[in-house]
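S.K.: The following block contains the structure, expressed as structure tokens.
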Amino acid sequence: MSHIAVFGAGSWGTAFATILAAGGNDVRVWGRRAELVAQINAGSNDDYLPGVRLSPRISASTSPAEVADGAEIVILSVPSQSLRANLSDWGSLLAGDRIVVSLMKGIELGTTRRMSEVIHEVAGVPVERIGVVSGPNLAKEIVQQQPAASVVACPDLEAANRVAAACSTSFFRPYTSTDVIGAELGGAVKNVIALAVGMAAGLGFGDNTKATIITRGLAETTRLAMALGADPRTMSGLAGVGDLIATCMSPLSRNHSFGVKLGEGLSVADVTEQTKQTAEGVKSCASILDLARAHGVDVPITEQVTRVVHEGVSPQDMVGVLLGRARKHETD
């Protein structure tokens with residue numbers, strides 16, 4: 001049994017806390033809002049996971065110092081674009097020999113940094129102690145203890161194994177990897193591809209269209225990952241195609257659901273107002289496009305999603321542009 005800290009009381013942070021608690025760990029969750037912290041301490045998180053009873057091993061606090069105190073592993077699950085600001089507030093608490101694990105799936109706007117890079121840069125955590133968890137892990141299914149698997153990636157395989165041991169349960173199977181770059185890029189880009197698949201669904205297109213977008217989305221994700229030094233095999237695993245399928249096809253996926261509403265004709269502002277939760281693909285599509293351009297990588301789906309989100313191009317026009325591209329060999 002370990003004491004593990006989870007910074008972030010949203011749906012995925014809370015769901016991962018339930019995994020850790022089921023693995024026999026005592027878990028403290030940091031939340032910014034006192035009313036949400038009170039809910040968690042009363043055994044629920046109705047703001048994000050209504051109707052779910054939380055383990056008594058899970059407690060919460062608005063005090064970062066209290067949550068981090070004595071923790072052997074620290075899990076970070078805040079919105080990716082707020083990570084730098086959060087770490088500026090409490091990143092000093094991550095010092096020592098703790099393992100710091102990112103659950104976040106985004107690329108920072110303005111810097112094109114991956115989340116592990118932001119953690120290293122702002123909080124000074126050594127690279128070998130920064131891990132990533134990524135895979136097909138929809139929060140609602142996790143808290144229902146439906147069988148799932150994921151990847152724990154860390155440059156130090158011993159640290160990855162420590163995290164995997166902490167989150168191994170009868171319903172959650174973690175695999176280990178040293179490919180942090182591949183795990184992070186697979187998790188970030190799939191959100192953008194899910195927006196495109198959702199738009200196709202909102203436009204009334206069927207499974208042929210969706211499968212085409214998913215497959216070509218995997219191709220551009222793999223190109224980008226390889227350009228940054230990732231192992232291409234990661235893209236055929238849980239952190240790649242596994243996460244991509246779940247996020248692109250499930251109505252539980254925020255990014256898919258957001259895309260559906262865009263395809264039905266709503267504006268980004270309208271959908272944001274309706275959903276009240278973060279769809280990481282909307283936040284990160286522009287930074288992922290910037291990252292790809294900086295490395296000379298062609299990412300046509302990401303480019304067109306960015307045009308829809310930031311330039312007001314219609315989803316129907318996006319389809320026309322993608323289908324009108326010059327023909328080429330599939331594996332080029």
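The values are calculated or read from the model by the stated rules, or taken from the named source; none is laboratory data. This structure is a prediction, so every number in the text was calculated from the model and none was measured. As a convention, Cβ positions derive from the backbone with ideal geometry for all residues, glycine included, and neighbour counts pool all protein chains shown. Protein only, heavy atoms only, side chains kept; ligands, DNA and RNA dropped before computing areas. Shrake-Rupley method; radii C 1.70, N 1.55, O 1.52, S 1.80 Å.
S.K.: Please report, ordered by residue number, every helix of the chain (full DSSP H runs) that is 27 Å or longer along its axis going by C-alpha atoms and whose mean Kyte-Doolittle hydropathy reaches -1.0. It would help to have the intermediate numbers written out before the result.
M.R.: On the way: long enough: 180-202 (34 Å, 1.44); 207-227 (30 Å, -0.08).
Helices meeting the span and hydropathy rule in the chain are 180-202, 207-227.
S.K.: With θ set to phi - 60°, apply the Karplus curve 6.51 cos²θ - 1.76 cosθ + 1.60 along region 144-151 and write out the HN-Hα couplings as whole Hz, x wherever there is a Gly or Pro.
M.R.: 7, 6, 6, x, 7, 9, 7, 10
S.K.: What nm value, rounded to one decimal, do you get for the distance between Asn161 and Val313 when each label is placed 7 Å out toward the C-beta?
M.R.: About 4.8 nm, to one decimal.
S.K.: Here's another thing I want to ask about it. Per the helix-only calculation at 222 nm, which mean residue ellipticity applies to the chain, given -39500 (n - 2.57) for every DSSP H run of n ≥ 4 and division by its residues, nearest 500 deg cm²/dmol? List each step's numbers first, then the result.
M.R.: Details: 15 runs with 162 residues, N = 332.
Using -39500 (n - 2.57) per qualifying helix, the result is -14500 deg cm²/dmol.
S.K.: Out of Gly217, Leu266, Pro232, whose Cα points farthest toward the positive end of the dipole of region 213-304 (charges: +1 Lys, Arg; -1 Asp, Glu; placed on Cβ)?
M.R.: Pro232
S.K.: Sorted by packing (mean other beta-carbon atoms within 10 Å per residue), highest first, where do 183-191, 19-27, 37-45 land?
M.R.: In descending order of packing, they fall as 183-191, 19-27, 37-45.
S.K.: What's the carbon and sulfur percent of the chain's accessible surface, probe 1.4 angstrom, rounded to a whole number? Intermediate results must be reported in sequence, preceding the final value.
M.R.: Working: 6960 of 13720 Å².
After summing per-atom areas, the C and S share lands at 51 percent.
S.K.: Please name which of Ala123, Ala22, Ile301 has its Cα lying farthest along the dipole of the chain towards the positive end, using unit charges on Cβ (Lys, Arg +1; Asp, Glu -1) and the Cα centre as origin.
M.R.: Ile301
S.K.: If we sort 192-199, 173-180 on the protection proxy, mean other Cβ atoms within 10 Å, highest first, what's the order? Kindly include the intermediate steps, with their values, before the conclusion.
M.R.: Working: 192-199: 30.9, 173-180: 20.1.
Packing proxy ranking, top to bottom: 192-199, 173-180.
S.K.: Here's a follow-up. Tell me, what does the Kirkwood hydrodynamic radius of region 33-185 come to in angstroms if you use every pair of distinct C-alpha atoms?
M.R.: Numbers: mean 1/r = 0.0613 Å⁻¹.
For region 33-185, the Kirkwood estimate is 16.3 Å.
S.K.: OK, next. With charges set only on the Cβ (+1 for Lys and Arg, -1 for Asp and Glu), what does the dipole of the chain come to about its Cα centre, in debye to the nearest 20? Walk me through the numbers on the way to the answer.
M.R.: Values: 28 positive and 33 negative charges, 87 e Å.
Rounded to the nearest 20 debye, it is 420 debye.
S.K.: Within the chain, how many Lys pairs sit with Cα atoms under 27 Å apart, leaving out pairs fewer than 8 places apart on the same chain?
M.R.: Summing the qualifying lysine pairs gives 22.
S.K.: Treat region 85-150 as a sphere of radius equal to its Kirkwood radius over Cα pairs and apply Stokes-Einstein at 25 °C in a medium of 0.890 mPa s; give the translational diffusion coefficient in µm²/s, rounded to a whole number. Walk me through the intermediate numbers first.
M.R.: On the way: Rh = 13.4 Å.
Rounded to a whole number, D works out at 183 µm²/s.
S.K.: Compute the accessible area per residue over the chain, keeping the other protein chains in place, probe 1.4 Å, unit Å².
M.R.: Values: 13720 Å² over 332 residues.
Each residue of the chain exposes 41 Å² on average to a 1.4 Å probe.
S.K.: Additional query: Can you give the local net charge around Val133? Use residues other than it whose beta-carbon is closer than 12 angstrom to its beta-carbon, Lys and Arg +1, Asp and Glu -1.
M.R.: Neighbour charge sum, excluding Val133 itself: -1.
S.K.: Can you figure out the FRET efficiency of Lys140 with Leu322, using R₀ = 35 Å and their beta-carbon distance, to the nearest 0.05?
M.R.: On the way: r = 31 Å, r/R0 = 0.89.
Given R0 = 35 Å and the Cβ-Cβ separation, E is 0.65.
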